[in-house]
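J.: Before I ask anything, let me first share the structure, which is written out below as structure tokens.
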Amino acid sequence: MDPTRSTASGLLGLLGSKAIGAEEVARAYLDRARKFDRLNVFVHIDPENVLAQAREVDRKRAANEPLGPLAGVPVAIKDLLCVNGEPTTCGSRMLRGFKPPYDATAIAKLKAADAILFGKTNMDEFAMGSSTENSVYGPTLNPWDETRIPGGSSGGSAAAVAADLAPLSLGSDTGGSIRQPASLCGVVGLKPTYGRVSRYGLIAFASSLDQIGPFAHNVADAALLLQVVSGRDANDSTSVDLPVPNYLETLEKPFDRPLRIGVVREFLGEGLDPEVEASIRAAINVFKEQGALIEEVGLPRSKYGVPAYYIVAPAECSSNLARYDGTIYGHRAADFSPVSPEEAEIPPLIRMMMASRAEGFGAEVKRRIMLGTFALSAGYADQYYNQALRVRRLIRDDFDQAFQKVDVVLGPTSPTPAFKLGERVADPLAMYLSDIFTITANLAGIPGISVPCGLTRSGLPIGLQLLAPAFAEETLLRAARLYERASDWGDRRPELL
Ligand code: GLN
């Protein structure tokens, strides 16, 4: 029996019945991570530490001590979540060598659940990107086709689950960074409502948009991991004090009345890959056969989502990333001697900061900081930032109106399947448009899930996106499970040799 081919719930069953021990499971995943090192999924694994955690779970079980809901299950962690004493680098040279002195709340909750923290996963630098190519460690490869990108920015976490290098992983989603890579890697990925999961210890990109969420092989496993990390946290004042429902308990429950699904007109239009469109239409039929009521809904202002996002997110990142200047945080340039008479006029401390930031950040991060600084600069704020906030409000209004008529809305997660490595690197706008269907949920603060709904003729995964009102994760998960149960596309895995 190869435990790495299991699901998280499958593993819990095996571990609970003592058919296998946590250490044996951990060893199997460590072997597999070594075997598929070429995918460049992990940027840091400490095998001794993984094994020590597993042995502790085995010890607790042998001693009949109480065990948490993820006892012995490896969970891979996007490299922007702080883990006490472990390297946490955000895929950036800026944070090389940084070892946080504390755990993110999501990490503390995983530890309390007796999960095995299994390595840090590759990502676009500071979560800016849609392909995991903006990483100082080089790109992660898509396990379904190693000449293609896994999506991003949580590409390492998506590929980790897809390639069976961990049954579960955590990512973060600011504009699509969980749902888009989940779609492109053929796994389930969920972005919770803004405020459902504490962001404490998540290295900030855009604080009004960022959320932590799960990747898994199936909807039930995603529900389980969401359950563990959700809830109010005094360390994050934007986390919301609402009870966390038992997502697994209601997952299989049929709906009392037919589920009402709104198919988003604007998401099925021009620019959509024909194979993606065909899969989404087939998914709509699956829902119909299950008795769901389908109607078309409009989100007319969603076309302004990408422009509004590329004001709001860079504005927030220019502020959040200001702390990395080589004084207290971040890489410090060794040499900042002036190279021109003009530079000699600049005080040495400022020259040190300039050189540190020039060396520490990659091209995309610099582009975002410049965009954001410009959008916030005196005289422009009203034209750009405040205007973007007004658009954000209108996008939210569109969703509010849609959700008066339907329980969830549906569309593709990504306009295309996984593209080739390098294909969009030189074209930032093409890269930004990868998130055209996911960004609006972040602007509105609502939850979304991507579930596998097909494969292209060349064998690339396609993802179906469902979105629900704020804090309706229960409905979202039940709807996704309804689809998963009735469709042929649940839990497919690539053949890796
Ligand atoms: N691709 C989008 C960006 O580059 C979203 C990233 C994310 O969700 N972290 O900003």
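The values are calculated or read from the model by the stated rules, or taken from the named source; none is laboratory data. These figures come from a predicted structure and were not determined experimentally. Because the Cβ atoms are built from the backbone with ideal geometry, glycine has one as well, and the counts that use them run over all protein chains shown. For the accessible areas, the whole protein counts, side chains as well, though only heavy atoms, and no ligand, DNA or RNA atoms are used. Shrake-Rupley method; radii C 1.70, N 1.55, O 1.52, S 1.80 Å.
J.: Condition first: under 26 Å from the mean Cα position of the chain (by Cα), more than 16 Å from the ligand (Cβ to nearest atom) and open to solvent by less than 10 Å² (accessible area, probe 1.4 Å). Now tell me which residues in region 288-314 satisfy that.
T.: Scanning region 288-314 gives a single hit, LEU299.
J.: Only residues that are among the charged types (D, E, K, R) and in a helix (DSSP H, G or I): list them for region 339-358, please. Break it down into steps so the answer makes sense when it comes.
T.: Just the residues of region 339-358 that are among the charged types (D, E, K, R), to begin with: 342-343, 345, 351, 357.
Those that are among the charged types (D, E, K, R) and in a helix (DSSP H, G or I): GLU342, GLU343, ARG351, ARG357.
J.: Still on this model: Give me the pairs, please: first residue somewhere in region 220-237 and farther than 23 Å from THR475 by Cα, second residue anywhere and open to solvent by less than 30 Å² (accessible area, probe 1.4 Å), beta-carbon distance under 7 Å, and either six or more positions apart or on two chains.
T.: ASP233/THR105; ASP233/SER198; ASP233/SER239; ASN235/THR105; ASN235/SER198; ASP236/THR105; ASP236/SER198
J.: So which residues in region 101-116 are surrounded by 24 or more Cβ atoms within 10 Å (Cβ to Cβ) and outside any loop (DSSP other than H, G, I, E, B), if there are any at all?
T.: THR105, ALA106, ILE107, LEU110, ILE116 - these are the residues of region 101-116 that are surrounded by 24 or more Cβ atoms within 10 Å (Cβ to Cβ) and outside any loop (DSSP other than H, G, I, E, B).
Each row is one residue, and each column tells you yes or no for (1) small (Gly, Ala, Ser); (2) within 23 Å of ASP397 (Cα to Cα); (3) over 19 Å from the mean Cα position of the chain (by Cα).
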site: GLY463; (1), (2), (3): yes, no, no
site: LEU467; (1), (2), (3): no, yes, no
site: GLU473; (1), (2), (3): no, yes, no
site: ARG478; (1), (2), (3): no, no, yes
site: ARG481; (1), (2), (3): no, no, yes
site: GLU484; (1), (2), (3): no, no, yes
site: LEU497; (1), (2), (3): no, no, yes
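J.: Hey, another quick one. When you scan region 268-277, do you find a residue that is touching a residue at least 60 places away in the same chain (Cβ under 8 Å), in contact with a Ser or Thr (Cβ under 6 Å, 6 or more places away or on another chain) and either among the β-branched types (Val, Ile, Thr) or open to solvent by 90 Å² or more (accessible area, probe 1.4 Å) (or both), even just one? Can you show your working first?
T.: Narrowing region 268-277 to residues touching a residue at least 60 places away in the same chain (Cβ under 8 Å): 268, 271-273, 275-277.
Adding the requirement that they be in contact with a Ser or Thr (Cβ under 6 Å, 6 or more places away or on another chain) leaves 273, 275.
In the following step, the residues that additionally are either among the β-branched types (Val, Ile, Thr) or open to solvent by 90 Å² or more (accessible area, probe 1.4 Å) (or both) were identified as none.
So far as region 268-277 goes, no, none of its residues is touching a residue at least 60 places away in the same chain (Cβ under 8 Å), in contact with a Ser or Thr (Cβ under 6 Å, 6 or more places away or on another chain) and either among the β-branched types (Val, Ile, Thr) or open to solvent by 90 Å² or more (accessible area, probe 1.4 Å) (or both).
J.: Could you list, in sequence order, all residues of region 437-458 that are open to solvent by 20 Å² or more (accessible area, probe 1.4 Å) and in a loop (DSSP other than H, G, I, E, B)?
T.: ARG457, SER458
J.: Turning to a different aspect of this structure: Could you please give the count of residues in region 365-380 that are open to solvent by less than 40 Å² (accessible area, probe 1.4 Å) and at positive phi?
T.: Residues that pass the stated criteria total 0.
J.: For region 399-418, name all the residues that are more than 12 Å from the ligand (Cβ to nearest atom) and open to solvent by less than 10 Å² (accessible area, probe 1.4 Å).
T.: Within region 399-418, PHE399, ALA402, VAL406, VAL408, VAL409, LEU410, GLY411, PRO412, THR413, ALA418 qualify.
J.: Residues LEU242, LEU170, LEU224, LEU190: which one is touching a Leu at 6+ places or on another chain (Cβ under 7 Å) and more than 16 Å from the ligand (Cβ to nearest atom)? Steps first, please.
T.: Numbers: LEU242 fails: touching a Leu at 6+ places or on another chain (Cβ under 7 Å); LEU170 fails: more than 16 Å from the ligand (Cβ to nearest atom); LEU190 fails: more than 16 Å from the ligand (Cβ to nearest atom).
Step by step, each of LEU242, LEU170, LEU224, LEU190 is checked, and only LEU224 is touching a Leu at 6+ places or on another chain (Cβ under 7 Å) and more than 16 Å from the ligand (Cβ to nearest atom).
J.: On the given criteria, is VAL43 under 19 Å from SER169 (Cβ atoms), touching a residue at least 12 places away in the same chain (Cβ under 8 Å), outside any helix (DSSP H, G or I) and open to solvent by less than 50 Å² (accessible area, probe 1.4 Å)? Steps first, please.
T.: On the way: under 19 Å from SER169 (Cβ atoms): yes; touching a residue at least 12 places away in the same chain (Cβ under 8 Å): yes; outside any helix (DSSP H, G or I): yes; open to solvent by less than 50 Å² (accessible area, probe 1.4 Å): yes.
When the stated conditions are applied, VAL43 passes them.
J.: Right, here's the next one. Going through region 427-466 one residue at a time, which ones are away from the ligand (no atom under 16 Å from the Cβ) and small (Gly, Ala, Ser)? So that I can check it myself, show each step before the final result.
T.: Kept after step one, since they are away from the ligand (no atom under 16 Å from the Cβ), are these residues of region 427-466: 451-462, 464, 466.
Result: GLY454, SER458, GLY459.
J.: Sticking with this structure for a sec: If you check every pair at least six apart or on different chains, which have Cβ atoms under 6 Å apart with a residue in region 87-110 that is over 25 Å from ARG232 (Cα atoms) first and a residue that is of a type in the set (Asp, Glu) and open to solvent by 10 Å² or more (accessible area, probe 1.4 Å) second?
T.: Close Cβ pairs (under 6 Å, with a partner that is of a type in the set (Asp, Glu) and open to solvent by 10 Å² or more (accessible area, probe 1.4 Å)) amount to GLY91/GLU125; SER92/GLU125.
J.: What is the number of the single condition among (1) in a helix (DSSP H, G or I); (2) touching a helix residue (DSSP H, G or I) at 6+ places or on another chain (Cβ under 6 Å); (3) farther than 22 Å from SER177 by Cβ that GLY490 does not meet?
T.: Going through the list (1) in a helix (DSSP H, G or I); (2) touching a helix residue (DSSP H, G or I) at 6+ places or on another chain (Cβ under 6 Å); (3) farther than 22 Å from SER177 by Cβ, GLY490 breaks only (1).
J.: It is to be established whether one or more residues within region 381-394 are modelled with pLDDT of 95 or more, open to solvent by 50 Å² or more (accessible area, probe 1.4 Å) and within 24 Å of the chain's Cα centre (by Cα).
T.: So far as region 381-394 goes, yes, one or more of its residues are modelled with pLDDT of 95 or more, open to solvent by 50 Å² or more (accessible area, probe 1.4 Å) and within 24 Å of the chain's Cα centre (by Cα).
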